[in-house]
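Following: one structure in C-alpha cells, then a few remarks.
The values are calculated or read from the model by the stated rules, or taken from the named source; none is laboratory data. Keep in mind that this is a model prediction, so the values were computed, not measured. All Cβ positions, even for glycine, are placed from backbone atoms using ideal geometry, and neighbour counts span all protein chains on display.
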Amino acid sequence: MSSSPGNRVIVVGAGIAGLAAGHALSRRGFSVKILEATSRVGGRMTTDRVDGFVIDRGAQFLSSEYGLLRAMARELGLEASLQPASPWSGVVRDARVRRIRAGDPFSPWRSGLLSFPAWLRLGWRLGRLARTQTARPLNDYSQWSDCDIETADVWGRREFGPTTTDYLIEPLLQGFYFQETETTSRALAQTVLAFGAHRSRTLAMAGGLGWLPTALATTLDIALATPAIALIVEPDAVTVVTNETRLVADHVVLATTASVANRLFPTADEVERSLLATAYSANLNVALMTRPEFRLPASLNAVYGLLVPHRERRHVAAIGIESNKCRDRAARGELFNVMLAGNSSRDLMAWPEAEIVQAVLPEVERILPGISAQIAAVRIYRRPEAEPLSPVGRAKDVRRYRERIAAAPWPRVLLAGDYLSMPFTEGAAESGVWAAQTILRAHEKRQTRPADQVVK
C-alpha cells in the first residue's frame, strides 16, 4: 500500500459490497487494498460452469431497478451482456402452477392465484404504494425505517388480506430471502412489493452473474486467500493483522458478514454491536442438470421463476428454470436451481448430498414430472449465512448507525454488507458505496477546516 497519510484504505471482504467500496474510493485517488479470505471474489455473487451448464451459485438475477450494479456493468463494458429474463413467473396454488406475467396486472386474477375481490384489493393497495413511494430508493434500507414498525404478516393481512399474504407476500419473502413473514419486518415486504409498483424487469447476465464482480476485481488491488484475523484501532491509524503481515491504514471498511465483522471489531459501540448481532437465514441451493430428453411441462413453458407458498411445500420454496432466465445456462438439457426454504435449509444443511436429493426430489417431481429419471448431474451449494434476517428494528438500526457515522469527523472503521442495507446484491453494493462516500465526505470536510481544528 501507498504510505501517503490520510488516503490509505483497507477493505476486508471482496464480495460486491467490498468491491463497490474499493472501486468508488480508487476512482477518487485513494490507495485501496482489499483482503479476501477465500480464493475467489464475489462472495454470494459467483458462477460455476459444469459440463456446459452455467450455475449462479448465490444471487440469481439483477433487476432493471438496480441502478448501481447496472452502472458498474456499463462502466466495465458488460451492459450488452445484460438480458431480460422471461416475464413469466409462477406460484403454486392447490397443487397447480398459476402463471403471472410481469406488466400484466390482470394475470394474478386470470390465473386463479387470487380471487376477484383479493385481486381488486391488491391493485388498490399497490396503486396507493406506487403513488406515495416511487421516489423512495429501493437499495437503501435506512430510507424505509418509518415502515419498520410491525411484521410483514401483520401488515400484509391487514392491508391485503390473508390470501394475498399467504400466496404472494409469503412466497416472495421465502423464495427470494428465505425469511418468514411472521418474523420479518414490513419494511422489507413493502420494498419487495415496491419493485412491482416500479414495474421492474428481471435481468440475467450472459455467462453468469459472477462476471460482474470478476470484471470489477480486475481494476483493484486484491489479495486472495488472505483472511484478516484482527483489527487494532488506534487514535491515528487502524492496523489489520493477517497471517502474513500487518497493514496500516487511515480507514478500514469491514465488508464481511456480520458474524465475521463482529469477531474482528471487538471495540464496536452499542449501535454497531446491535448490527453486528444480525442473524442470517440459511439456504441450500440444489442445482439439477438434466439430460437433453427431459421436457418441461406445458404449464412451465417460458416460466423463469416458480414460487411455492408455505401451504404448498415441505422443503422447496422456489425453482429457477434457468433456460428461461438466459439461454446460455444450459447448452443441452435443462438446469433447475432448487431453493429450499430457510428452516429446511437449516435442518438439512449437514446432510450428505445424496440424502438431500432424496428428501427434495419427490417434491420437485410433482412440479417437474419425470425429472427423477433424467438427472445428469447435481451440485449442492450450502450457505449457512445466505441473507441477513430483517426483523422489526433492523432498518431503524441501520439508519441510526449511518447518521452517527456521518456525524463523526474522521471515521476509522466503517461497516458494509447487505446487513447494512437491503438484503440483496444491489443493497450490498449500496452499502459499500455509502461507506466510500462517507470517507470521501470526511476528507472533504477536513480539507476545508483550519489546521488547528483538524481532528484525527
Looking at the range 356-393 only, could you name the residues that are under 21 Å from T181 (Cβ atoms) and part of a loop (DSSP other than H, G, I, E, B)? L389, S390, P391, V392, G393
Whichever residue in the range 164-217 is out of contact with any Leu (no Cβ under 6 Å at 6 or more places or on another chain) and free of Cβ contacts under 8 Å to residues at least 24 places away in the same chain and, among such residues, is farthest from R44 (Cα to Cα): T165
Would you confirm, using the coordinates I've provided, whether V364 is among the β-branched types (V, I, T), within 26 Å of the chain's Cα centre (by Cα) and farther than 17 Å from G18 by Cβ? yes
Subset of the range 381-396, residues surrounded by 19 or more Cβ atoms within 10 Å (Cβ to Cβ) and either over 19 Å from the mean Cα position of the chain (by Cα) or among the basic types (K, R) (or both), comes to R394, K396
Test: residue in the range 152-167 that is closer than 27 Å to E79 by Cβ and either in a helix (DSSP H, G or I) or hydroxyl-bearing (S, T, Y) (or both): no
Please go through (1) in contact with a strand residue (DSSP E or B) (Cβ under 9 Å, 6 or more places away or on another chain); (2) at pLDDT 95 or above for P362 and return the number of the only condition it doesn't satisfy. (1)
Confirm whether S86 is among the hydroxyl-bearing types (S, T, Y) and in contact with a strand residue (DSSP E or B) (Cβ under 8 Å, 6 or more places away or on another chain). yes
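Suppose we keep only residues that are part of a loop (DSSP other than H, G, I, E, B) and among the hydrophobic types (A, V, I, L, M, F, W, C) within the range 51-72. Which one would you say is nearest to L193 (Cα to Cα)?
Selected residue: F61.
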Can you find a residue in the range 274-293 that is among the basic types (K, R), free of Cβ contacts under 8 Å to residues at least 60 places away in the same chain and either in a loop (DSSP other than H, G, I, E, B) or on the phi < 0 side of the Ramachandran plot (or both)? no
I'd like to know if the range 34-48 contains one or more residues that are of a type outside the set (D, E, K, R), over 30 Å from L224 (Cα atoms) and in contact with a Ser or Thr (Cβ under 7 Å, 6 or more places away or on another chain). no
Which members of the range 88-110 meet the condition of being under 17 Å from I321 (Cβ atoms) and either surrounded by 17 or more Cβ atoms within 10 Å (Cβ to Cβ) or among the aliphatic types (A, V, I, L, M) (or both)? W88, S89, G90, V91, V92, V97, R98, R99, I100, R101, A102
Can you tell me which residue among E403, E365 is in contact with a Ser or Thr (Cβ under 6 Å, 6 or more places away or on another chain), exposed (fewer than 15 other Cβ atoms within 10 Å of the Cβ) and either farther than 30 Å from V303 by Cβ or free of Cβ contacts under 8 Å to residues at least 24 places away in the same chain (or both)? E365
Any residue at all in the range 429-441 that's of a type in the set (G, A, S), in contact with an Asp or Glu (Cβ under 6 Å, 6 or more places away or on another chain), at pLDDT 95 or above and within 21 Å of Y141 (Cα to Cα)? no
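Here's the yes/no breakdown for (1) of a type outside the set (K, R); (2) touching a residue at least 40 places away in the same chain (Cβ under 8 Å); (3) under 16 Å from L254 (Cβ atoms):
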residue: V11; (1), (2), (3): yes, yes, yes
residue: R27; (1), (2), (3): no, no, no
residue: T46; (1), (2), (3): yes, yes, no
residue: I55; (1), (2), (3): yes, yes, no
residue: Q60; (1), (2), (3): yes, yes, no
residue: G67; (1), (2), (3): yes, yes, no
Conditions (1) assigned to a helix (DSSP H, G or I); (2) more than 26 Å from the chain's Cα centre (by Cα); (3) aliphatic (A, V, I, L, M); number of the one not met by A130: (2)
Do any residues in the range 145-162 that are at pLDDT 95 or above and surrounded by fewer than 21 Cβ atoms within 10 Å (Cβ to Cβ) have Cβ atoms under 8 Å from those of residues that are charged (D, E, K, R) and outside any helix (DSSP H, G or I), where the two are at least six apart or on different chains, and which pairs are they? T151/E182
Over the range 40-74, the set of residues touching a Gly at 6+ places or on another chain (Cβ under 9 Å), surrounded by fewer than 23 Cβ atoms within 10 Å (Cβ to Cβ) and acidic (D, E) is D48
Could you please find all residues in the range 312-358 being surrounded by fewer than 18 Cβ atoms within 10 Å (Cβ to Cβ) and at pLDDT 95 or above? R314, N343, R346, D347, M349, A350, W351, P352, E353, A354, E355, Q358
